[in-house]
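K.L.:
Here it is: the structure, laid out below.
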Amino acid sequence: MARRSFDECGINTRLAHNGNDPRDFYGFVNPPVVHASTVLFPDAATMAARAQKYTYGTRGTPTSEALALAIDDLEGSAGTIVVPSGLAAVTIPLLAFLSAGDHLLVVDSVYSPTRNFCNGMLKRLGVSVDYYDPHAGAGIGSLMKPETKVVFTESPGSNTFEMQDIGAIASVAHEQGAVVMMDNTWATPLFFRPLDHGVDISIHAATKYPAGHSDVLLGTVSANAASWERLHDTFIAMGCCAGPDDVYQVLRGLRTMGVRLDRHQATALQLARWLETKDGVARVLHPGLESHPGHHLWKRDFCGASGIFSIVLDGGGEKQANAFLDALRIFGLGYSWGGYESLAVNVFLGDRVIARGPYEGALIRLQIGLEDVRDLETDLQRGLDAARGS
Ligand SMILES: Cc1ncc(COP(=O)(O)O)c(C=O)c1O
């Protein structure tokens with residue numbers, strides 16, 4: 001019987017049904033959680049030719065395949081690898097496409113551990129690295145060298161939320177033969193599909209919105225047809241497959257990601273607009289706001305916003321930031337985002353070379369969870385009052 005197809009359906013129908021087909025496993029709605037190293041072959045000839053679908057645990061199981069197929073549907077990709085963290089989803093493709101002597105261009109507003117990997121391990125392996133202004137657009141051409149093999153983008157930028165012209169960057173990079181990667185964790189493929197805008201490799205910290213409950217680490221990397229084989233070969237060579245329970249948890253999370261994102265988006269935008277009116281807030285860094293310098297790019301390319309943005313306090317420094325954070329009762333003080341609970345963190349831009357402001361005061365990043373908006377507003381007001389009184 002033909003596999004069921006949901007290609008023509010709306011996004012929530014696809015999120016609910018894509019990946020596994022229940023008829024493949026006795027009709028159970030969810031796929032089995034296959035804990036596997038060894039897979040048996042029926043005879044020596046099949047084993048020698050590896051002529052069966054699954055051959056060893058590191059090379060895929062029905063559980064990892066279900067998640068990879070579901071992500072391929074969302075990304076429009078030729079293949080997806082599933083790795084143990086979002087950071088691994090950054091490092092594996094960089095290792096796949098870079099060799100000693102190559103040059104790498106990375107957006108300066110990149111997730112800080114990505115920079116750490118580039119400046120540390122990649123430089124040690126003989127790759128030279130330069131950082132570019134997130135507003136470079138097609139101007140990135142002036143930074144390309146004959147040996148530039150990868151352009152690594154992230155839009156909006158981590159913590160400061162600068163928007164990039166991904167289409168313009170991708171076409172300039174391709175003219176010069178470079179592979180374009182994008183960390184698309186903020187938007188998820190529901191609000192931006194990188195491959196449709198010329199990106200070759202789409203990276204996702206599935207730890208965030210797909211998992212959605214702050215209880216699992218996972219990453220996915222999706223490639224177009226031209227880049228898939230090299231990405232997959234590196235994944236197999238590195239032996240960096242994710243554990244089946246974590247993979248299953250993320251597939252479970254994916255089923256409700258659309259409705260959760262609707263709520264994250266609405267609450268975050270409501271709070272961002274409210275914060276723009278408040279004394280004590282100099283600026284709100286949220287690309288969905290008309291006041292954001294990259295709003296036109298967000299409007300042109302994205303079809304939604306997730307639930308994380310930053311505020312700039314009006315004057316003051318670490319003392320005011322700490323007073324703000326310590327006054328919060330609902331927002332937790334913790335890293336990561338995309339979960340059901342709200343979080344706040346003081347942002348430091350110490351390692352940046354270009355995208356450093358200036359900002360009028362301390363930068364506070366807010367991850368907006370699924371709580372009631374009135375309660376979050378009251379909590380943020382407590383923080384603002386404390387910052388002003390400090
Ligand atoms: C933009 C971005 N990419 C990647 C990651 C890494 O994800 P993980 O925490 O799963 O390693 C993070 C984590 O905060 C992130 O914010």
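K.L.:
Give Met121, Met144 a once-over and let me know the one that is within 16 Å of the ligand (Cβ to nearest atom), surrounded by fewer than 21 Cβ atoms within 10 Å (Cβ to Cβ), at pLDDT 95 or above and not assigned by TED's automatic domain parsing to the domain that holds Gly294.
P.N.:
After applying the criteria, what remains is Met121.
K.L.:
Checking the structure you have, find out if any residue of the stretch 39-62 is hydrophobic (A, V, I, L, M, F, W, C) and in contact (Cβ under 8 Å) with a residue 24 or more places away in the chain.
P.N.:
no
K.L.:
Need the failing condition index for Phe235 against (1) out of contact with any Phe, Trp or Tyr (no Cβ under 8 Å at 6 or more places or on another chain); (2) in contact (Cβ under 8 Å) with a residue 60 or more places away in the chain; (3) within 16 Å of the ligand (Cβ to nearest atom), just the number.
P.N.:
(3)
K.L.:
Go over the candidates Ala89, Ala173, Ala138, Ala96 one by one and state the one that is within 12 Å of the ligand (Cβ to nearest atom) and either outside the structural domain of Asp262 (by TED's automatic domain parsing) or of a type in the set (Phe, Trp, Tyr) (or both).
P.N.:
None of the other options fit; the residue is Ala89.
K.L.:
Taking strands (runs of 3 or more DSSP E) that fall entirely within the stretch 175-236, which contain at least 2 residues that are touching a His at 6+ places or on another chain (Cβ under 9 Å)?
P.N.:
Counting at least 2 such residues, we get 179-183, 219-223.
K.L.:
Could you pull out the residue among Ala70, Ala51, Ala45 that is away from the ligand (no atom under 16 Å from the Cβ), assigned to a helix (DSSP H, G or I), surrounded by fewer than 21 Cβ atoms within 10 Å (Cβ to Cβ) and of a type in the set (A, V, I, L, M)?
P.N.:
So the residue among Ala70, Ala51, Ala45 that is away from the ligand (no atom under 16 Å from the Cβ), assigned to a helix (DSSP H, G or I), surrounded by fewer than 21 Cβ atoms within 10 Å (Cβ to Cβ) and of a type in the set (A, V, I, L, M) is Ala45.
K.L.:
Separate question: Give the residues of the stretch 283-302 that are of a type in the set (Asp, Glu) and free of Cβ contacts under 8 Å to residues at least 24 places away in the same chain, sorted by residue number.
P.N.:
Hit for the stretch 283-302 is Glu290, nothing else.
K.L.:
Considering only the stretch 260-273, how many residues are touching a helix residue (DSSP H, G or I) at 6+ places or on another chain (Cβ under 7 Å) and over 10 Å from Ser306 (Cα atoms)?
P.N.:
2
K.L.:
Keeping to the stretch 124-141, report how many residues are surrounded by fewer than 20 Cβ atoms within 10 Å (Cβ to Cβ) and part of a helix (DSSP H, G or I).
P.N.:
Residues in the stretch 124-141 being surrounded by fewer than 20 Cβ atoms within 10 Å (Cβ to Cβ) and part of a helix (DSSP H, G or I): 5 in total.
K.L.:
Scan the stretch 247-254 and give yes if some residue there is touching a residue at least 24 places away in the same chain (Cβ under 8 Å), buried (at least 24 other Cβ atoms within 10 Å of the Cβ), β-branched (Val, Ile, Thr) and in contact with a helix residue (DSSP H, G or I) (Cβ under 9 Å, 6 or more places away or on another chain), otherwise no.
P.N.:
Yes.
K.L.:
Where residues in the stretch 258-295 are in a helix (DSSP H, G or I) and of a type in the set (Asp, Glu), which of them is nearest to Ile11 (Cα to Cα)?
P.N.:
Here the answer is Asp262.
K.L.:
Filter the stretch 331-366 down to the residues that are farther than 16 Å from Tyr111 by Cα and in contact with a Ser or Thr (Cβ under 6 Å, 6 or more places away or on another chain), then identify the one that is nearest to the ligand (Cβ to nearest atom).
P.N.:
Applying the filter and picking the extreme gives Gly339.
Condition check ((1) touching a strand residue (DSSP E or B) at 6+ places or on another chain (Cβ under 7 Å); (2) in contact (Cβ under 8 Å) with a residue 12 or more places away in the chain; (3) in the same structural domain as Trp337 (by TED's automatic domain parsing)) across all residues:
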{"site": "Arg352", "(1), (2), (3)": "no, yes, yes"}
{"site": "Ala355", "(1), (2), (3)": "no, yes, yes"}
{"site": "Tyr359", "(1), (2), (3)": "yes, yes, yes"}
{"site": "Ala362", "(1), (2), (3)": "yes, yes, yes"}
{"site": "Gly369", "(1), (2), (3)": "no, yes, yes"}
{"site": "Arg374", "(1), (2), (3)": "no, no, yes"}
{"site": "Glu377", "(1), (2), (3)": "no, yes, yes"}
{"site": "Leu380", "(1), (2), (3)": "no, yes, yes"}
{"site": "Gly383", "(1), (2), (3)": "no, yes, yes"}
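K.L.:
Considering only residues that are outside any strand (DSSP E or B) and touching a Phe, Trp or Tyr at 6+ places or on another chain (Cβ under 6 Å), look in the stretch 147-160 and name the one that is farthest from the ligand (Cβ to nearest atom).
P.N.:
So the residue we want is Pro156.
K.L.:
Take the residues of the stretch 160-202 that are small (Gly, Ala, Ser) and on the phi > 0 side of the Ramachandran plot: which is surrounded by the fewest Cβ atoms within 10 Å (Cβ to Cβ)?
P.N.:
Gly177
The values are calculated or read from the model by the stated rules, or taken from the named source; none is laboratory data. Just so it is clear, the model here is predicted, and its values are computed rather than measured. Because the Cβ atoms are built from the backbone with ideal geometry, glycine has one as well, and the counts that use them run over all protein chains shown.
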